[in-house]
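Just below is one structure, and these are the notes that go with it.
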Amino acid sequence: MGKPIMAKAEHDRTEAAAQEAVGHEPPLQRAERDLVALGILVAAIFLFVGTGSTVLTGIARSWIYGVGSPDVLLTNALILNIALLIFGWRRYVELQTEIAERRKAEESATRLARTDALTGCLNRRSLDDAIAQLVNAAAQSSEAVAVMMIDLDKFKRSNDLLGHKVGDAVLVETARRIEALMPTRSVVARLGGDEFVCAVIFAPGGENAVERLAVRINDGLAEPIISGGLRAEVTASIGIAVGASSALHSANQVAQDLLHRADLAMYQAKRRGRNRFAWFEPTMEKELRFRSELEQGIRDGLKRGEFVPYYEKQIDLETGEITGFEMLARWLSPRHGMVSPEVFIPVAEEIGLIAELSEALITLALEDAKAWDSSLTLSVNISPLQLRDPWFAQRLLKMLVAANFPPTRLEIEITETCLHENIAVVRSLITSLKNQGIRISLDDFGTGYSSLAQLRTLPFDRIKIDRSFVSSLARSADSASIVEAISSLGRGMALPITAEGIESAEVLSALRRFGNFKGQGYLYGQPASAEDVKRELAEQGLLVATPKDETPSTPPSALSA
Ligand code: C2E
Ligand code: MG
Ligand code: MG
């Protein structure tokens, strides 16, 4: 749930302080010592009573009546006894003070163990109980409890940029601002890292008040924090869940449930763009379950070969001839049916399987494309994450060599998001690939923020206008002017253009006005399986007879590391 940026250090600090406060003597040893002292005192009192009466009577008799003299031995024993009594009494008083101090130390240790050392709020350990107590208190007045999970947005970046001292100051100030906004019956805790929780009791139907409180927290935390002359700006994402105790669930269960739900809602707030709050909705739980099913499905599906390449025709709009195919991944899931790459590619990226998935698909696609006429190209989409791998170019070439496929027939499509990554790495990778004869297209152009300068410094072979502009070309003046601008940009930079998303003859004729493009889209058919493509190409005489004997026209050479 939380990010343990500082949690460990603080935990250690708290433990150390707690130990220091209690002292290092083991409790058993201390108790033994106390018992001995108490024993000595009691024995001294008995002795004093026993010997005191005899000796003191002798002394009194000799003083008053001048008769006899007190027993010297017994008198000495009495003096010793008095010394013992004084010693025992002093020890007793010392013990009382020690006990009082120890109790104070233990109380302070408990407080330290319950609170966060940096901010002084409650900590993770004590939070469940604190919320459970709030749930119980709310139940007595037929009220409910709202739990808010508050996570600072991009705190790590500000921490890295401005230093940990400022980072700590931000956390302390965050706690202070949240606490200042809290009503009386509430708790505030820091879970560790930049994650805080607050819980409040609210009257039935008081959801609006809870929402207003969330808005105030959002606004309050968005105010810049000045520390050591540096200005930190952070915002927060807040997840809210409300609930009350019931006959079915204990206060502790309710507390844990509320925390879990507020956490799910907080992630939703992040996904919706941060610096906002989101209420927990039951669908979030379903989404989470679906998501983990999806992750497992992808892992299993990869092993079972459920991912297959589909192909979309690419057409020379002037002649109407097929120039090649774009490979589009499809997941034939036994559970979910045919799944779109827009669903599974982002998940595969997040769980670190994108390279494995993409390479399995490219291997299949190279085999399929070997059967096509040698004039036909194969385009594959590459994730920005794959481009971060310094060995990507080598691995791609190895696949080409293994499949005996000419690099000049391969085109890779990268999206503008790649250009926001490390541009130097991307440039050297593109150059390596181009040196081998592979062509590079900039996909979905117009949707990102690539500048003209970036376009100029990277040696692309083609730009593909995003389908959102093309498909609405005939009915939107804005789209038409964007397509026109991109086509004149292409002309100016001598970059060929592909228009994606041609859905109708109307769009096609509108496009023709702007120049000689390549195109693809549903007008030419939906993406099709390898068998369907093979059948269609056979009909057009575009299949090679014996693909296995074909030798690459430009054999790939080894890349320098
Ligand atoms: P993309 O590379 O821009 O691919 C074109 C998408 O537009 C495909 O969606 C295609 O089915 C769809 N499309 C084609 N013609 C039309 C049309 O006339 N109208 C409309 N509305 N859409 C059309 P698909 O197959 O769902 O792929 C979506 C995206 O997923 C692709 O966009 C690409 O970015 C990504 N993708 C697909 N396969 C892979 C892969 O193997 N690796 C990676 N990294 N990404 C992939
Ligand atoms: Mg593409
Ligand atoms: Mg595209």
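The values are calculated or read from the model by the stated rules, or taken from the named source; none is laboratory data. This is a predicted model, so every value here is computed, not measured. For neighbour counting, all protein chains shown are included, and Cβ atoms are generated from backbone atoms with ideal geometry for every residue, glycine included. Just the protein is used for accessible areas: all its heavy atoms, side chains included, with ligands, DNA and RNA removed. Shrake-Rupley method; radii C 1.70, N 1.55, O 1.52, S 1.80 Å.
For GLY193, the residues whose modelled amide H falls within less than 5 Å of its own, excluding neighbours fewer than 5 places apart on the same chain, are ILE5, MET6, ALA7. Each residue of region 210-218 is assigned a 3J(HN,Hα), and the resulting list reads 4, 5, 4, 5, 4, 4, 5, 5, 3 Hz, derived from the Karplus form 6.51 cos²θ - 1.76 cosθ + 1.60 (θ = phi - 60°), x at Gly and Pro. The mean sequence separation of alpha-carbon pairs under 8 Å and at least six residues apart, normalised by the residue count of region 307-528, gives a relative contact order of 19 percent. Is region 189-229 rounded, prolate or oblate when judged by the Cα gyration tensor, a ≥ b ≥ c being the square roots of its eigenvalues, rounded requiring a/c under 1.5 and prolate requiring a/b larger than b/c? The shape class here is oblate. Taking Cα pairs under 8 Å and at least six residues apart, what relative contact order does the chain come out at, in percent? Across the chain, relative contact order equals 10 percent.
Take GLN133, project a point 7 Å from its Cα along the Cβ direction, then tell me which residues of region 194-222 have their backbone nitrogen under 19 Å from it. Residues 197-202 fall inside that zone. In this structure, the amide hydrogen of ARG330, modeled 1.01 Å from its nitrogen in the peptide plane, lies closer than 5 angstrom to those of VAL308, TYR310, counting only residues at least 5 positions away or on a different chain.
Helix 164-181 and the long axis of the chain differ in direction by around 70°, with both axes built from C-alpha atoms.
Note that the chain presents 52 Å² accessible area per residue, ligands and nucleic acids not counted, probe 1.4 Å. Over all other residues within a Cβ to Cβ distance under 14 Å of GLY320, the charged ones net out to 0, with Lys and Arg as +1 and Asp and Glu as -1. Between VAL343 and ARG61, the modelled label-to-label distance comes to 11.1 nm, taking each label 7 Å out from Cα in the direction of the beta carbon.
For a test of the definition: using alpha carbon positions, the gyration tensor, and the 1.5 limit on a/c, classify region 225-320 as rounded, prolate or oblate. Oblate is the answer for region 225-320, as a/c is 1.5 or above yet b/c matches or exceeds a/b.
Across the accessible surface of region 124-281, with the other protein chains kept in place and a 1.4 Å probe, carbon and sulfur atoms take up 49 percent. Note on ARG157: accessible area is roughly 150 Å² with a 1.4 Å probe, heavy atoms of protein only. Around the amide H of THR115, modelled in the peptide plane, lie the amide H atoms of ASN123, all under 5 Å away and 5 or more residues distant in sequence or on another chain. With every protein chain in place and a 1.4 angstrom probe, the accessible-area ranking of PHE87, PHE48, largest first, reads PHE87, PHE48. Compute the Cα gyration tensor for the chain, then decide on rounded, prolate or oblate, letting a ≥ b ≥ c be the square roots of its eigenvalues: rounded whenever a/c is under 1.5, prolate when a/b is larger than b/c in the other cases, and oblate in all that remain. It comes out prolate by the Cα gyration axes. Relative to the longest principal axis of the Cα atoms of the chain, the long axis of helix 354-370 lies at roughly 20 degrees.
Karplus-derived 3J(HN,Hα) values for region 326-342, using 6.51 cos²θ - 1.76 cosθ + 1.60 with θ = phi - 60°, are 9, 7, 10, 6, 10, 10, 8, 7, x, 8, 9, x, 7, 9, 6, x, 5 Hz; glycine and proline are entered as x.
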